[in-house]
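**Q** Got a structure for you, questions after.
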Amino acid sequence: MAGLSLNNNGELNPPLWLLAELTYSCPLQCPYCSNPMEIANYKDELSTEDWLRVLHDARKMGSTQLGFSGGEPLVRKDLEILIKEARKLGYYSNLITSGVGMDGERIAGFKEAGLDHIQVSFQASDEELNNFIAGTDSFKHKLEMAREVKKQGYPMVLCFVLHRHNTDKVKDIIELAIALEADYLELATTQYYGWANHNKEQLLPTRKQIEAAEKVAHQYQEKMKDKMRIFYVVPDYFEDRPKPCMNGWGNVFLTITPDGTALPCHSARLIPGLELPNVKDHSIDWIWKDSPDFNKFRGYDWMKEPCRSCDEKEKDFGGCRCQALMQTGDAANTDPVCSKSPHHSELLEEVRRIEGLAGQTIEEHPLVFRNMRVSKKIITSSTGS
């Protein structure tokens, strides 16, 4: 299959990255959360034994990088058990967390169990906005946890999700990271799936904001290049070429959701017609190599024009299938971010329309915050029941 990551024998390479979404439960209510809108429907989580089997099977195939995420993975009481097993199996493990539910003693426990890396997320650089977006008073605790992570010998890795309400604060965000003596700072642009897509009109920044933020980020990248690594990527909607989403569908990343559903990309559930295998019913090996859904958008044969004959298809794999679906109605279309897409002008028009709403206050155009109660209400209204 042309365009796939193949070994010297022409066989499909294993998933290098295993993302274990341990739970959709979370003490925060961020309106940009990429978890499914219908989180109220996902109550059956994999058991400890199920997750241990997943870790074993993926490692046996050759996976090396492991991310524990959610929701908030700290909610799982068996997290230390999973970390310890991951170390025994030889994974490089990463905990992606809000820090809420963590303290110095638990960090020490993670260290003893063999966790390699902790990333602490913030919602803003100031307490008021951070706590508003998070839906909980978490800012001071996050600061404490960032310092504690470094105190216990981990590199300090901070992540700030950027959107209209904090993009103007990029300088303040970087200065906070410097004050905390962070080693890595990810300025993560909002990915418009799940709750974020529902709130896109309230979250998408303006082009002017993006240009200013990019300039500041580049200045600090140069200024801090020997002291702190700063990662910043312009949001898809403001570029003319798509990113190689997840380095290709089912090519590098394997996501396992709380209920055991296996995904070739983290938002694949959006795409209608996919049955999506579950680790309760199939082996990781079969899922990765033989599942029709994992093979659906691999290689180039599935591509329509202009992707099929494009000389850039080996760089971006046609872009994001979920973005193509949401913007054009067909997951097989060219990602409309691409200027070669026949739908690119429609995307630009949507961006202009949303920019026209940017002057509205949060009170005038309220955000819908992520929580189970709101999820149930949205599902009920959408089904008409």
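**Q** Heavy atoms of the protein only, probe of 1.4 Å, neighbouring chains included. What is the accessible area of E11 in Å², nearest 10?
**A** 100 Å²
**Q** Let's test this: bin the Cα-Cα distances of region 108-263 at 5 Å from zero up to the farthest pair and state each bin's percent.
**A** For region 108-263, the binned pair fractions read 2, 8, 15, 18, 19, 17, 14, 6, 1, 0 percent.
**Q** Quick one, what does Rg over Rh come out to for the chain if you take C-alpha atoms and the Kirkwood Rh?
**A** 0.94
**Q** Quick one: length gained pulling E346 to E305 fully straight, 0.36 nm per residue minus the C-alpha distance?
**A** 13.0 nm
**Q** If you roll a 1.4 Å probe over the heavy atoms of the protein chains, what accessible area per residue do you get for region 58-140, in Å²?
**A** 40 Å²
**Q** Over region 63-113, what is the mean sequence separation of C-alpha contacts under 8 Å (at least six apart), divided by residue count, expressed as relative contact order in percent?
**A** 49 percent
**Q** Which order do the peptides 272-279, 171-178 come out in when sorted by mean C-beta neighbours inside 10 angstrom, highest first?
**A** 171-178, 272-279
**Q** Could you tell me what a quarter of the Cα convex hull surface of region 59-172 works out to, in nm² with one decimal place?
**A** Averaging across all directions leaves 7.8 nm² for the Cα convex hull.
**Q** Here's another thing I want to ask about it. Would you list, by chain and number, the lysines whose Cα falls below 24 Å from the Cα of K280, excluding same-chain residues fewer than 8 positions away?
**A** Qualifying lysines at Cα under 24 Å: K43, K60, K77, K84, K88, K289, K296.
**Q** Under 17 Å between alpha carbons, and skipping anything fewer than 8 positions from K169 in its own chain: which lysines qualify?
**A** K208, K215
**Q** Report the dimensions of region 127-188 along its three principal axes from the alpha-carbon atoms, largest first, rounded to Å.
**A** Computed over region 127-188, the largest-to-smallest principal extents equal 34, 22, 17 Å.
**Q** Ok, one more. Measure out, as a whole number of angstrom, how far apart the alpha-carbon centroids of region 25-104 and region 184-237 sit.
**A** A separation of 25 Å, based on Cα centres.
**Q** Antiparallel DSSP bridges in the chain: what percent, to the nearest 5?
**A** Among the beta bridges of the chain, antiparallel pairing accounts for roughly 10 percent.
**Q** Counting only protein chains, not ligands or nucleic acids, how are M61, M303 ordered by accessible area (probe 1.4 Å), most first?
**A** So the residues, ranked largest to smallest area, are M61, M303.
**Q** In sequence order, what are the phi-derived ³J(HN,Hα) couplings for region 90-103 according to the Karplus relation 6.51 cos²θ - 1.76 cosθ + 1.60 with θ = phi - 60°, rounded to whole Hz, with x for glycine and proline?
**A** x, 6, 9, 10, 10, 9, 9, 9, 7, x, 6, x, 10, 9
**Q** For region 259-290, which trypsin sites (Lys or Arg not before Pro) are both in a DSSP coil and crowded by at most 15 other Cβ atoms within 10 Å?
**A** Of the trypsin sites (Lys or Arg not before Pro), the ones in loops of region 259-290 whose Cβ has at most 15 other Cβ atoms within 10 Å are K280.
**Q** Hey, what did region 1-116 get for relative contact order, percent, Cα under 8 Å, at least 6 apart?
**A** Across region 1-116, relative contact order equals 30 percent.
**Q** Starting from the Cα gyration tensor of region 246-385, multiply each eigenvalue by 5, take the square root, and state the resulting semi-axes largest first in whole Å.
**A** They are 29, 25, 12 Å, listed largest first.
**Q** Further question on the same structure: May I ask for the equivalent-ellipsoid semi-axes of region 76-139, computed as the square root of five times each C-alpha gyration tensor eigenvalue and listed largest first in whole Å?
**A** 28, 11, 9
**Q** Taking the simple approach of a point 7 Å from Cα along Cα-to-Cβ for both N13 and E314, what is their distance in nm?
**A** Roughly 1.5 nm, to one decimal.
**Q** Still on this structure, please answer the following. Compute the convex hull volume of the Cα atoms of region 179-292, divide it by the residue count, and report the result per residue in Å³ as a whole number.
**A** 174 Å³
**Q** Take every Cα pair under 8 Å in the chain that's 6+ residues apart, average their separations, divide by the length, and report that relative contact order as a whole percent.
**A** RCO, the chain: 20 percent.
**Q** With all protein chains present, calculate the accessible area of L55 using a 1.4 Å probe and round the result to the nearest 10 Å².
**A** We get 0 Å² for L55.
**Q** What does the charge count around E144 come to, taking other residues whose C-beta lies under 15 Å from its C-beta (Lys +1, Arg +1, Asp -1, Glu -1)?
**A** Neighbourhood net charge equals 0.
**Q** Using +1 at the Cβ of each Lys and Arg and -1 at the Cβ of each Asp and Glu in the chain, identify which of A332, A113, F132 lies farthest towards the dipole's positive end.
**A** A113
**Q** Separate question: To the nearest 0.05, what FRET efficiency results for D78 and N247 with a Förster distance of 30 Å applied to their C-beta separation?
**A** Plugging the Cβ-Cβ distance into 1/(1 + (r/R0)^6) gives 0.50.
**Q** At a Förster distance of 45 Å, what's the computed FRET efficiency of R229 paired with K60, Cβ-Cβ distance as r, to 0.05?
**A** 0.85
**Q** Let me ask you something else. At 222 nm, what value in deg cm²/dmol follows for the chain if DSSP H runs of at least 4 each add -39500 (n - 2.57) and the sum is divided by all its residues, to the nearest 500?
**A** Rounded to the nearest 500, it is -10500 deg cm²/dmol.
**Q** Right, something else. Please list the non-local residues whose amide H lies under 5 Å from the amide H of C338, H modeled 1.01 Å from N, same-chain partners needing a gap of 5 or more.
**A** Amide H to amide H, under 5 Å and 5 or more residues apart or across chains, C338 pairs with nothing.
The values are calculated or read from the model by the stated rules, or taken from the named source; none is laboratory data. All figures in this text were calculated on a predicted structure; none of them were measured in a lab. Every residue, glycine as well, gets a Cβ built from its backbone with ideal geometry; the counts of neighbours run over all protein chains shown. What goes into the accessible areas is simple: the full protein's heavy atoms, side chains included, and nothing from ligands, DNA or RNA. Shrake-Rupley method; radii C 1.70, N 1.55, O 1.52, S 1.80 Å.
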